[in-house]
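Working notes, structure below.
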Amino acid sequence: MKMTLSARNMSITPGIEQRIDKKTARMGRYLLPETEMQIKMRKDKGDMRIVEITVPMGNGVLLRSEASAQSNLFLAIDDALAKMEKQIHRHRTKLGKRIREDAFTYEEPEYIEEDTEEKSPTIVRHKTFPVRPMSVEDAAIQMEMLGHSFFAFVNVDTDQINVLYQRKDGDLGLLEPEV
């Protein structure tokens, strides 16, 4: 497993690198050797330490976890890595249930995340993401893996963009465009 560490408003010390290496050693058995884990750390106003971890699993699946702690970077690292390990384990378990020949082939996702620096009253964040045809069940799994409350995808049955969302009652809703 390859790791990319980056930090904003702070420096990465050898102690931080050792802590991350120690905590990620167990995850190596779940991931392919060429899998790249991106770890971004930053210090925000008020001495808040935030750690974001992104792992592209292939076939358009992108796992992401985030944790924050007040002035304790090691606690934020531990929390984010624990969340990521749970997601990886959950993803691998679900793949095992519906295994296919190409389930573990790796494709580089075209995931680009941009943070806008300008203060705009309407758009505060712009993301682009790869869209691939998938079934509603696969979209539900992907939405759960990302931990989001909605997920946009191309429905394999209708070849149209659909939005799957988490309802307040815990069920899922599906938005389909009408021509």
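Using the number of other C-beta atoms within 10 angstrom as an exposure proxy, rank Lys94, Lys23, Lys45 with the fewest first.
Working: Lys94 14, Lys23 17, Lys45 6.
The most exposed by this proxy come first: Lys45, Lys94, Lys23.
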Cα-Cα longer than 30 Å, checked against Lys45/Lys83; Lys22/Lys127; Lys23/Lys94; Lys45/Lys94; Lys45/Lys168; Lys43/Lys168, kept in input order, equals Lys22/Lys127; Lys45/Lys94; Lys45/Lys168; Lys43/Lys168
Simple SL model, points at 7 angstrom along Cα→Cβ for Gln70 and Thr158; separation in nm is 4.7 nm
In order over the stretch 89-94: 3J(HN,Hα) from phi, Karplus 6.51/-1.76/1.60, θ = phi - 60°, whole Hz, x for each Gly or Pro, gives 4, 5, 5, 5, 5, 5
Quick note on Thr158, Thr35, ordering by fewest other C-beta atoms within 10 Å, gives Thr158, Thr35
Computed from the beta carbon distance with a Förster radius of 22 Å, FRET efficiency for Asp44 and Ala82 to the nearest 0.05 stands at 0.55
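Against the globular-protein guess of 2.2 N^0.38 Å, express the Cα radius of gyration of the stretch 134-179 as a ratio, rounded to two decimals. Kindly include the intermediate steps, with their values, before the conclusion.
Values: Rg = 10.2 Å, N = 46, 2.2 N^0.38 = 9.4 Å.
Cα-based Rg divided by the globular estimate yields 1.08.
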Quarter of the surface of the C-alpha convex hull for the stretch 2-103, i.e. direction-averaged projected area in nm², equals 6.5 nm²
At the level of C-alpha centres, the distance separating the stretch 131-179 and the stretch 30-48, in angstrom, is 27 Å
Diffusion coefficient in µm²/s returned for the stretch 1-56 by Stokes-Einstein, Kirkwood Rh over C-alpha pairs, 20 °C and 1.002 mPa s, is 176 µm²/s
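Each value in this text was obtained by applying a stated rule to the coordinates, not by laboratory testing. From a predicted model like this one, the values you see are computed outputs, not experimental measurements. Virtual Cβ from ideal backbone geometry, glycine too; neighbours counted across all protein chains shown.
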